[in-house]
Every structure is written in structure tokens, then in C-alpha cells.
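Since the structure comes first, as C-alpha cells, the remarks are kept for the end.
The values are calculated or read from the model by the stated rules, or taken from the named source; none is laboratory data. Keep in mind that what you see is a predicted model, and the values were worked out from it rather than measured. Backbone-built Cβ (ideal geometry, glycine too); neighbour counts: all protein chains shown.
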Ligand SMILES: Nc1ncnc2c1ncn2[C@@H]1O[C@H](COP(=O)(O)OP(=O)(O)O)[C@@H](O)[C@H]1O
Ligand SMILES: [Mg+2]
């Protein structure tokens, strides 16, 4: 069966997957750009095995998604502006339905991609499956209700995440001290009432800015969780990205940071897997990997999932921060001599 990819042709994942296909001696997959899926509806047909890749990192595709989702013409967002998350998610649903209607054999299921991309829903699915997650608070519709649910829960430290966000865009690590003073650490840049994603993580300690950011994010949906105290090595907190392929949690990256956000594109550093495993101890490490495998079972008809896994400070216990439908970009990370793409090509047993 021929392989096809639905994705943005300039996306590095598409190139790396294509390279893995060629290493396996298979014909190059045809790439169906998201731009065309959304504009003209051209999708892979029956008789192809289809990898659905991320529609992200392309401003034109983002605009088309928001248009498909809202049914209204959309303007291109200014570079880095955080806008239209809910409409883009609705558009993703439309685009995925088109891909499914093409009749290809899908390696990742639209319903699973949508669940993973919807943070409140994904949290509920994991929680119902008994997988450890930080407790959720809410619902939260604006800054005032955020403070009210925090007060009601007796919770002074939370993570506020856009419901349909990724790459730490719009995420705030927020703490209120005993005197009611607030501090938020985030990559959001507030500029004249608009919010932008910025690679520099900064701290806001004036309540009016924090309230302005939360109120700007809230109409597109928020997911609020207790701040899980992450384990650290030296002066850096850390978590793991674990890619589970065909049920096997084989590829692991340690992400270490001096800020509460560990996402690597924010200038954070990879850490040593062996050092983390030694610090956690075999029993806790095995329990964490077991949780990742259980996460993948929640999405059983999807070939791979990317789990963000946090160990608790002191290394007793762990929790899942989120699950990424498009979280397999771990360049240079090998398991059994294979990168995440080789492992997928081999696990989907193309013949
Ligand atoms: N409840 C939490 N407690 C502590 N840290 C968290 C929590 N949720 C997320 N984080 C940290 O914030 C970062 C971004 O959150 P994540 O849920 O992975 O969203 P995104 O889709 O933006 O990557 C993660 O790298 C993780 O380390
Ligand atoms: Mg993440």
C-alpha cells in the first residue's frame, strides 16, 4: 500500500518521515498540503496509508483553518499573535473530516487528534482512565472567575493554558502569595491589549497585565490545572517528552529549564535520560513509562502519541501535563537504532 502524508510541506516532520520511508526502501509518500485540503478538498484516496501531520507553523493554513471553523472570512494574524484558537480547532475538525472522507487507511485517527488537541477534554479522558494528571480547576471564563475558583479550591499556584494551544503559546504559570500579590511567568507578550507569542519567557507581577492576558485568552477557552511541583536536577526543573509508538514508550527526551515551562524551543536544554532515570529510581521510572503506555491505550487506533510527563519534586510520583498528537519531532533520539519516524514506518507494517 502506498504511503501519503497530509501536512505542511515545509514542516520538518514531513521531511524526516519521508527520509525514514526512503531508508526503509519504500517509494516516497505523496504529500497532500493542508493548504490544498482546506482550499480544494484534495485528499488521499482509498488504497493509501495516510499519516496526518501537523497543520501548524504556516500562517496561511492557520487562516484557512480559522475560516473553515468560523464559516467567515478571516484575516491573517499578525506575526506571533495569539488569536482564534477555538475557530482554528473547529477548522481542524472540518479538515480532518475531509481527510477521513477520502477513504485512505489512517495511521492516526481524527477523533484521537481532536481529543489530544482539546486540553480540557484530553484531561478528562486521562483522568477517567485513572492516569495521574494535575487536578483541573474550573470552568474559568475570565480573570475574575479564575481567581474565584482558585480561592474556592484553596489553590494559590496554577497553570493556565489555552484550551487548544500548543508549544507553550499562551500558557501562564501563575502564583498568588499570602498577601494576594500575583506573579505570572509566561511567553506571552502583552502589547496594547493584544497578545503575542514570544520566545522570551517573562514575568508579570502587575495584576492588570495578568488580568488583561487571561481575559484576552479566555474567549477561546481555558484549561486550568494545579501547578504540579516538577522534579529538578541542579538548578533546573525538568519533564519528559515520551513518544509512544505502537504501544511502546521507546523514545524519550529530557527537557530542562530554569523557568516553569520546559518546551525546548523556548531556549531550554535537553538533559540526560540516564541521569533522570537514576534520580527517579527504576520503580518510579517504570511506573512513569507504564503511565505513558496507558495514555497511548486511550488512543488505541492511533500509531503514535507524544506524552509530556512530569516527575514530582522528590521523585515520588508523576503526572501527565498533556498529550501531543504531533509530538514526534525528536531529532537524533534513537531507540534500538531507529528514530521516531523509522519506528513508525516499521510499526505500521507497510506491505
Ligand atoms: N500542571 C502543571 N504543573 C507544572 N508544570 C506544568 C503543568 N502543566 C504544564 N506544565 C509545564 O508547562 C509546559 C507547557 O504545558 P503543556 O501542557 O505541555 O502545553 P503546551 O501544549 O503548550 O506544550 C510543559 O512543558 C510543562 O513542563
Ligand atoms: Mg507540551
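Hey, does the stretch 266-286 have a residue that's surrounded by 22 or more Cβ atoms within 10 Å (Cβ to Cβ) and in contact (Cβ under 8 Å) with a residue 12 or more places away in the chain?
no
Anything in the stretch 273-316 that is over 17 Å from residue 116 (Cα atoms), outside any helix (DSSP H, G or I) and under 22 Å from the mean Cα position of the chain (by Cα)? List them, or say none.
Those that are over 17 Å from residue 116 (Cα atoms), outside any helix (DSSP H, G or I) and under 22 Å from the mean Cα position of the chain (by Cα): 310, 311, 312.
Just to check your reading of the model, which residue among 4, 10 is out of contact with any helix residue (DSSP H, G or I) (no Cβ under 7 Å at 6 or more places or on another chain) and assigned to a loop (DSSP other than H, G, I, E, B)?
Being out of contact with any helix residue (DSSP H, G or I) (no Cβ under 7 Å at 6 or more places or on another chain) and assigned to a loop (DSSP other than H, G, I, E, B) holds for just one of 4, 10, which is 10.
Within the stretch 217-240, take every residue that is out of contact with any helix residue (DSSP H, G or I) (no Cβ under 6 Å at 6 or more places or on another chain), touching a residue at least 60 places away in the same chain (Cβ under 8 Å) and more than 13 Å from ligand 1 (Cβ to nearest atom) and give me the one that is nearest to residue 147 (Cα to Cα).
218
Quick one: in the stretch 246-268, which of the residues that are away from ligand 1 (no atom under 11 Å from the Cβ) and part of a strand (DSSP E or B) is farthest from residue 296 (Cα to Cα)?
254
Out of (1) loosely packed, with under 15 Cβ neighbours inside 10 Å; (2) closer than 21 Å to residue 83 by Cα; (3) free of Cβ contacts under 8 Å to residues at least 40 places away in the same chain, the odd one out for residue 199 is which?
Every listed condition holds for residue 199 apart from (3).
From the list 201, 273, 243, exactly one residue is touching a strand residue (DSSP E or B) at 6+ places or on another chain (Cβ under 9 Å), over 14 Å from residue 318 (Cα atoms), within 15 Å of ligand 1 (Cβ to nearest atom) and in the same structural domain as residue 338 (by TED's automatic domain parsing). Which is it?
From the options 201, 273, 243, the qualifying one is 243.
Within the stretch 71-87, track down each residue that is closer than 24 Å to residue 200 by Cβ and in contact with a helix residue (DSSP H, G or I) (Cβ under 9 Å, 6 or more places away or on another chain).
Those that are closer than 24 Å to residue 200 by Cβ and in contact with a helix residue (DSSP H, G or I) (Cβ under 9 Å, 6 or more places away or on another chain): 76, 77, 79, 82, 83, 84, 85.
Of the residues in the stretch 64-84, how many are under 20 Å from residue 7 (Cβ atoms) and either assigned by TED's automatic domain parsing to the domain that holds residue 188 or buried (at least 21 other Cβ atoms within 10 Å of the Cβ) (or both)?
Going through the stretch 64-84 one residue at a time, the tally reaches 5.
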